[in-house]
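In what follows, a structure is listed as structure tokens, so that the remarks can point back to it.
Read the figures in this text as sums done on the coordinates, not as results from a lab. Everything numeric in this text was worked out from a predicted model, so none of it was measured. Note that we place each Cβ from the backbone using ideal geometry, even for glycine, and neighbour counts take in every protein chain shown.
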Protein chains: 2
Amino acid sequence: MSSDQDLGITESKQYNTGEWYAEVVQKAGLANYGPEGMSGFIVTRPRGYALWESIQANLDGKFKSTGVQNAYFPMLIPESYLEREKDVVEGFDPEVAWVTHGGHNELEERLAVRPTSESIIAPYMAQWVRSHRDLPLRVNQWCSVVRWEATDTKPFFRTKEFLWQEGHTAHASHDEAWDETMLRLDQYASLYEDLLAVPVLKGQKPDHDKFPGAHTTTTVEALMPDGKSVQAGTSHHLGTSFAEAFDITYADEDENRQPAHTTSWGLSWRALGALIMTHSDDQGLVLPPTVAPEQVVIVPIWQEDTKEEVLAYAEDVAEDLADADIRVELDDRDERNPGFKFNEWELKGVPVRLEIGPNEVADGEVTVVHRPDGESTVESRDGIAETVREQFDAVYAKLYAAAETNLDENVREADSREEILGTLGRHGGYVKTPWCGDEACEEPIKEPLSAEIVLCPFDEDETVGDDDHCSICGDQATQTAYFAKNY
Amino acid sequence: MSSDQDLGITESKQYNTGEWYAEVVQKAGLANYGPEGMSGFIVTRPRGYALWESIQANLDGKFKSTGVQNAYFPMLIPESYLEREKDVVEGFDPEVAWVTHGGHNELEERLAVRPTSESIIAPYMAQWVRSHRDLPLRVNQWCSVVRWEATDTKPFFRTKEFLWQEGHTAHASHDEAWDETMLRLDQYASLYEDLLAVPVLKGQKPDHDKFPGAHTTTTVEALMPDGKSVQAGTSHHLGTSFAEAFDITYADEDENRQPAHTTSWGLSWRALGALIMTHSDDQGLVLPPTVAPEQVVIVPIWQEDTKEEVLAYAEDVAEDLADADIRVELDDRDERNPGFKFNEWELKGVPVRLEIGPNEVADGEVTVVHRPDGESTVESRDGIAETVREQFDAVYAKLYAAAETNLDENVREADSREEILGTLGRHGGYVKTPWCGDEACEEPIKEPLSAEIVLCPFDEDETVGDDDHCSICGDQATQTAYFAKNY
């Protein structure tokens, strides 16, 4: 599908991260930009969509095993419904795509393509919840949403339309809603750490950056190699504000009507962006074996006189791996040489390569190469499926360790405006600092550097004492703030 | 979630099919109507969505094992793209929802919410296909589409927004595209017959009712109990018309550019409508065990003095079934009596009920009841998982046989306009008749009865001979036409 000269990555991850990222996404066949006149939209190609399917399968399994059911709500929402939400929650004024005509007729009321679905789901939750026996109520939908923000397109990170899941739940008490909020946040963290090999920080957003109307917004944040933080998934405790606005009430055991306590939580294909950005390199895409569409590629290396035996041996190995449910590709193309194949599969991010030539055949062995670092070992042909699985674990551990080192080395402390600005400017990453909780004290950092408070850790006791003072204003500190530039 | 008086079905399937269907859909918790001002939209509740997930899993597996990869294209399509399709294919003028504003700004070009995606997928296929080695190219997407048709809403059958999959492929030759078209049609037929217990007829649409621009439109049709046909899935051989319009060409082995031969094929949640309508009855929903969210419900029947032993026994049975990966629900609610539970689970369509009382406990047995016909047998407790699986097969066979009988008994022959009209008017179902192929000869049936030619069988040799004449005009017949009223 590409001519030869299209194959290589030409940009540098270290020096030109944005262009490098865009090149990896396109050349590894993950996505294309949308058509002319559709800036902000992308086309997700099969290799990219397969990664999203891995994320979906993993999260969907987690959700279903913890009481969540999927549902589907209309993609269009009447303006009056959004307005109703606006009344509840100051500051809610989403930039949306407006449908004004159906067929040849102008609509009486214009309809928003959903930017998120609280305002259309809440009225139905109000119908479905009658008694305490109907609680907890948990629904989730996998869908696409549109937010008409005029920004530079960055596939998966920043697009006008994106794929996500949005979960919406109702509970009998504040504490149960809090448990739900944290359960989903933990599931998001596990998705990143156990499937995508991306370590994350968990915490809550400062009050001025909560989801409008929420009691608490919690977040998982991942640090990208360019020193910027990605808001990688959010879980909101909505308190009773949505329940009161949309009349989600239940009869308790004494038949008294009570407002429900609701939550919502969402994770988008931005997770794909974080995955690609974290692990990939100047040769192209790097993927953990957990999500790679092809986990292992076999490249046979033959001369004319050895072709038959090498191919037969390689096919046999491929069959063993396939029988063990390993996603294996045997690249037996005649028209390409091994070097070309190495490059192509490296570009596409296949985590493990097996090289099989006459020597391997003669010795009953296989040469195993790790994509992330090129580490190469010779392994016995016997028990190859088990060996390859061990290599998968080793590759996963390498990727995770590298990302974890990047995170660990890039959380720094500072206790003055100058030090915060200097540290962020020099290193990026997170700067943790005592903070009074006032939005005004974010401004002196945000204004010059576009860095903001991306999270506050949950355990304030551990981090803020009576002697701590806000690094900006000097008042008593109430929280620890993590400043970072972000996507 | 419902008060007691909401539980029963009050309408009659036989005498009031439309109202009965709407009642089953709502009371079995499958869907609600959309909000005020959103006529034509529905909310798919978890019990309904779970059925769609069964269909998705089944079809997606079939697709992936036959070379299809999933992808995702923008939900909005520029008007000029649709116009380009209009130029190609006369008669293409879909009623769509138009996005005219993004945020606070009017767009330069309005965007259609996709009614189907040929016009946005084809230009990308043109980019991705370069050489014969890139063929066949097969992509599919699961998504929602919007068609702004002003009709009475009938959940799953007729809604402005619906969920579906749309597959799009490109091939090197006409014959390969034809094989693809038939492969997908066969997979649709298998979905209906092997998963949903709904027999279907396969055939092609008359030329005047093809997908605009298609070489051939093939269809699977299912006969509903009210005598109307449902177009249950279509697979189009598009010839080279889309390839020529959108420049999907490839270099053949001699480096000559050739237009690709393309197909598209789609199946929507209308399959859910056919499933519900076919099997359900005046007690509520009936489902085959293949797709039922709960395949078996256990209702323990106790008095105060037997409660403990009955419940323990029932729990033990439930555990055995769950261990065998059977989807089982133990209804041990204290506040409901067994009769209430029977009714509720019948309404919800659980295919098999196990009744366990003191007698069953004493005798080491279980009473098994089939949802479709109430047939009841007493079975040994030993080997209960195996027994229940056999009952599933028996229930499936019953459902399929009943639907097949309905189909077999309702294909009738006729050879004059009067006979066609009389037969359709009296019995509904299909009337097969020799036809000259001219659309004008459909009109005398369509005008008075709203019945049309829903399919022509593939094997003309078997059905039309030199002596056959069109039942309407008397000219030489070229096809057999199946007339029916339809959804």
Only Lys, Arg (+1) and Asp, Glu (-1) charged, at Cβ; chain A dipole about Cα centre in debye: 1200 debye
For A:Lys398, list the aspartates and glutamates whose Cα falls under 17 Å from its own Cα; do not include residues on the same chain fewer than 8 positions away. A:Glu193, A:Asp194, A:Asp281, A:Glu346, A:Asp373, A:Glu375, A:Glu390, A:Asp408, A:Glu409
Need one word for segment A:399-486: rounded, prolate or oblate. Basis is the Cα gyration tensor (sqrt eigenvalues a ≥ b ≥ c); a/c below 1.5 gives rounded, then a/b vs b/c decides. oblate
The correct pair for segment B:4-279, radius of gyration to one decimal and Dmax as a whole number, both in Å and from Cα atoms, is 19.9, 74
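Once you sort the root eigenvalues of the Cα gyration tensor of segment B:301-347 as a ≥ b ≥ c, which label holds: rounded (a/c under 1.5), prolate (a/b larger than b/c) or oblate (the other case)?
oblate
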Sorted by chain and then number, the residues having a modelled amide H within less than 5 Å of the amide H of A:Asn70, at least 5 places away or on another chain, are A:Asn140
In terms of the alpha carbon gyration tensor, root eigenvalues a ≥ b ≥ c, rounded if a/c is under 1.5 and otherwise prolate when a/b exceeds b/c or oblate, chain A is prolate
Treating only the Cα positions of the protein assembly as shown as identical point scatterers, give the base-10 log of I(q)/I(0) from the Debye formula at each q in 0.06 Å⁻¹. -0.51
Would you mind checking the pairs A:Lys160/A:Lys446; A:Lys205/B:Lys27; A:Lys205/B:Lys160 and listing those with alpha carbons more than 31 angstrom apart? A:Lys205/B:Lys27; A:Lys205/B:Lys160
Any chance you could list P(r) for segment A:308-429, counting all Cα-Cα pairs in 5 angstrom bins from zero, rounded to whole %? 2, 9, 16, 18, 15, 9, 6, 6, 5, 5, 4, 3, 1, 0, 0
So which chymotrypsin sites (Phe, Trp or Tyr not before Pro) in segment A:1-67 pass both tests, a DSSP loop state and at most 15 other Cβ atoms within 10 Å of the Cβ? A:Tyr15
Net charge near B:Asp415: determine it from the other residues with C-beta under 15 Å of the C-beta of B:Asp415, scoring Lys and Arg +1 and Asp and Glu -1. -3
Kindly put A:Thr216, A:Thr169 in sequence by how many other C-beta atoms sit within 10 Å of each C-beta, fewest to most. A:Thr216, A:Thr169
Starting at the first residue of segment B:378-386, write each ³J(HN,Hα) from the Karplus equation 6.51 cos²θ - 1.76 cosθ + 1.60 with θ = phi - 60°, in whole Hz, x for Gly and Pro. 9, 10, 6, 5, 5, x, 5, 5, 5
How far is the Cα center of segment A:305-362 from the Cα center of segment A:396-472, in Å? 47 Å
log₁₀ I(q)/I(0) of segment A:225-316 at q = 0.16, 0.21, 0.24 Å⁻¹, via Debye over equal Cα point scatterers, no solvent, to two decimals? -0.86, -1.05, -1.18
What GluC sites (Glu not before Pro) does segment A:23-116 have in DSSP loop regions with at most 14 other beta carbons within 10 Å? A:Glu36, A:Glu90
So which trypsin sites (Lys or Arg not before Pro) in segment B:277-349 end up in coil per DSSP with only 16 or fewer other C-beta atoms within 10 Å? B:Arg327, B:Arg333, B:Arg336
Extension reserve of the B:Leu7-B:Glu443 stretch, reckoned as 0.36 nm per residue once the Cα distance is removed: 152.5 nm
Within a Cβ distance under 13 Å of B:Thr100, other residues only, what is the Lys/Arg minus Asp/Glu net charge? -3
Within the set of other residues whose C-beta is less than 15 Å from the C-beta of A:Ala57, count the net charge using Lys and Arg as +1 and Asp and Glu as -1. -2
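For chain B, what does the relative contact order come out to in percent, with C-alpha contacts under 8 Å and a separation of six or more?
After rounding, I find 14 percent.
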